[in-house]
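What follows is a set of notes on a single structure, which appears directly below.
The values are calculated or read from the model by the stated rules, or taken from the named source; none is laboratory data. Quantities reported herein were computed from a predicted structural model and do not represent experimental measurements. No Cβ is skipped: glycine too gets one built from the backbone with ideal geometry, and neighbour counts run over all protein chains shown. Note: accessible area is taken over every heavy atom of the protein model, side chains too, but ligands, DNA and RNA are not part of it. Shrake-Rupley method; radii C 1.70, N 1.55, O 1.52, S 1.80 Å.
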Amino acid sequence: MRLLYVNPNATVSMTGAIVAAARAALPGARISGETNATGPMAIQGAQDGAAAIPGVLDLLSRADADAAVIACFDDTGLEEAQARVPFPVLGIGQSAYVMAGLMGRRFSVVTSLAVSVPVIEHNIARGGFAARCVSVRASGLPVLTIDEGGAAVLDRLSHEIARARDEGAGAVVLGCAGMAPLTAPLAARTGVVLIDGVAASAHLAAAAAGFAGGAERRPSDDVSG
């Protein structure tokens with residue numbers, strides 16, 4: 001399976017980390033990444049997301065893949081892409097919420113800055129996931145700071161994850177693509193079930209691509225018998 005990750009922001013290092021996380025989650029797939037060179041360096045809030053959409057759609061319109069993933073937790077341009085692209089397109093936020101549901105867990109989201117919270121809450125409500133969402137928590141860490149990692153970042157995220165657990169979340173969704181490489185150390189520190197949207201989207205994209213291919217091959221429903 002050919003799976004493409006499109007990073008809506010212009011930070012190439014983040015694209016590389018996203019692709020590495022996806023390959024670790026789904027080693028049997030051919031996974032590649034594209035960076036939106038015309039987008040902002042980080043997507044933090046609705047204004048940055050709107051600025052990134054034209055570049056995301058351009059990259060997807062030229063893609064040759066069995067499925068694609070928009071690798072921003074805000075699911076930047078997801079609806080527009082799904083309306084235009086002939087193969088399945090998923091978002092990492094969408095995939096994380098679906099995976100939490102498949103696991104039967106109520107979840108909280110730990111994200112970057114407070115400006116991202118309204119976008120995430122809107123996506124959760126629009127997708128029908130609000131009943132399972134305990135909270136959306138901002139860590140106060142900018143996206144590019146999260147991407148750099150380090151002890152201070154792990155400390156801050158671990159603190160917010162623990163608070164989400166104490167609120168009653170059965171799983172915590174990592175609400176930034178830059179958190180994907182931090183999943184293992186954060187899980188070790190907190191003991192909380194963590195859902196990384198990059199890994200979740202790899203598995204769900206494989207399922208979507210396989211189903212889409214099977215649907216194309218199935219005989220027409222109007223065949224009698």
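Brief remarks on what is shown
Here is a yes/no grid of residues against (1) of a type in the set (A, V, I, L, M); (2) closer than 21 Å to Ala207 by Cα; (3) modelled with pLDDT under 95; (4) not in a loop (DSSP other than H, G, I, E, B):
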| position | (1), (2), (3), (4) |
| --- | --- |
| Pro40 | no, no, no, no |
| Ala50 | yes, no, no, yes |
| Val56 | yes, no, no, yes |
| Ala63 | yes, yes, no, no |
| Ala68 | yes, yes, no, yes |
| Phe73 | no, yes, no, no |
| Glu79 | no, yes, no, yes |
| Gly93 | no, yes, no, yes |
| Tyr97 | no, yes, no, yes |
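- 1 or more residues over 20 Å from Gly16 (Cα atoms) and touching a Lys or Arg at 6+ places or on another chain (Cβ under 9 Å): qualifying helices (runs of 4 or more DSSP H) within the range 103-197: 117-126, 151-166, 183-190
- Residue count for the range 10-38, restricted to those that are more than 16 Å from Ala63 (Cβ to Cβ), open to solvent by less than 30 Å² (accessible area, probe 1.4 Å) and without any contact (Cβ under 8 Å) to a residue 40 or more places away in the chain: 1.
- Of the residues making up the range 55-64, one or more are more than 17 Å from the chain's Cα centre (by Cα), of a type in the set (Lys, Arg) and surrounded by fewer than 16 Cβ atoms within 10 Å (Cβ to Cβ).
- Ala138 passes every criterion in (1) small (Gly, Ala, Ser); (2) open to solvent by less than 30 Å² (accessible area, probe 1.4 Å); (3) modelled with pLDDT of 95 or more apart from (2).
- Within the range 198-225, considering residues that are in a loop (DSSP other than H, G, I, E, B) and acidic (Asp, Glu), the one modelled with the lowest pLDDT: Asp222
- Hits in the range 141-171 (condition: under 21 Å from Arg105 (Cβ atoms) and open to solvent by less than 20 Å² (accessible area, probe 1.4 Å)): Leu157, Ser158, Glu160, Ile161, Ala164, Ala169, Ala171
- Checked against the criterion of being closer than 23 Å to Met1 by Cα and not aliphatic (A, V, I, L, M), the candidates Arg23, Arg105, Arg132, Arg126 yield just one match: Arg23.
- Test: residue in the range 97-112 that is in contact (Cβ under 8 Å) with a residue 40 or more places away in the chain, polar (S, T, N, Q), surrounded by 16 or more Cβ atoms within 10 Å (Cβ to Cβ) and under 16 Å from Ala208 (Cβ atoms): no
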